[in-house]
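Asks: Can you read through this structure? Questions will come right after.
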Amino acid sequence: MPAKTQSLTLVAKTESLGLATDFVRNGAREANLPEARIHELDLLIEEILVNVSRYSYPVGTPGPVIITYSIPEPGELAVEVCDQGVEFDPLKLDPPDLTLDIERRPVGGLGIWLLKSFAKSLTYRREQGWNRLAFTISANV
């Protein structure tokens, strides 16, 4: 039986962060993720949504962001964040140089590094004008 999906459409603004986090937290609880993993999920959703709201759409004209989750199996949550903004594949970014002092480290790259660190799987695709960033977080990873 395919996993039931839940979706939420928001305006890509930082003010939408609380709604997005609450929505995905509900899915994490349904999937029986431990609290530590839910805190990591909060951080991932914040990183993604803030980046979409800041960089995906032209300044002053925020567009939609759709967050969808499903529970493929107990202890696992699949999340997809979609926007119609500028095409951007974050998986093509070079990893940040964590050996540099914080003052010398360029801005950016830590969010995708966190995603790669916390997620069991991570994909990006551009489809019919939509950026689609999908990841799975597991109770065991």
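The values are calculated or read from the model by the stated rules, or taken from the named source; none is laboratory data. As the structure is a prediction and not an experimental result, all values here were calculated from the model. Don't worry about glycine lacking a Cβ; one is built from the backbone with ideal geometry, like all the others, and counts go over all protein chains shown.
Asks: Being surrounded by 13 or more Cβ atoms within 10 Å (Cβ to Cβ) and at pLDDT 65 or above narrows it down to one of Glu127, Glu76, so name that one.
Replies: On the way: Glu127 fails: surrounded by 13 or more Cβ atoms within 10 Å (Cβ to Cβ).
Criteria check complete, one pass: Glu76.
Asks: Could you please give the count of residues in the stretch 27-66 that are over 18 Å from Ile112 (Cα atoms), assigned to a helix (DSSP H, G or I) and under 15 Å from the mean Cα position of the chain (by Cα)?
Replies: So the count comes out to 2.
Asks: Exactly one condition in (1) modelled with pLDDT of 95 or more; (2) out of contact with any helix residue (DSSP H, G or I) (no Cβ under 9 Å at 6 or more places or on another chain) is false for Val11; which is it?
Replies: It is condition (2) that Val11 fails.
Asks: For the stretch 46-71, which positions are modelled with pLDDT of 95 or more and either crowded, with 19+ Cβ neighbours inside 10 Å or in contact with a Pro (Cβ under 6 Å, 6 or more places away or on another chain) (or both)?
Replies: Val65, Ile67, Thr68, Tyr69, Ser70, Ile71
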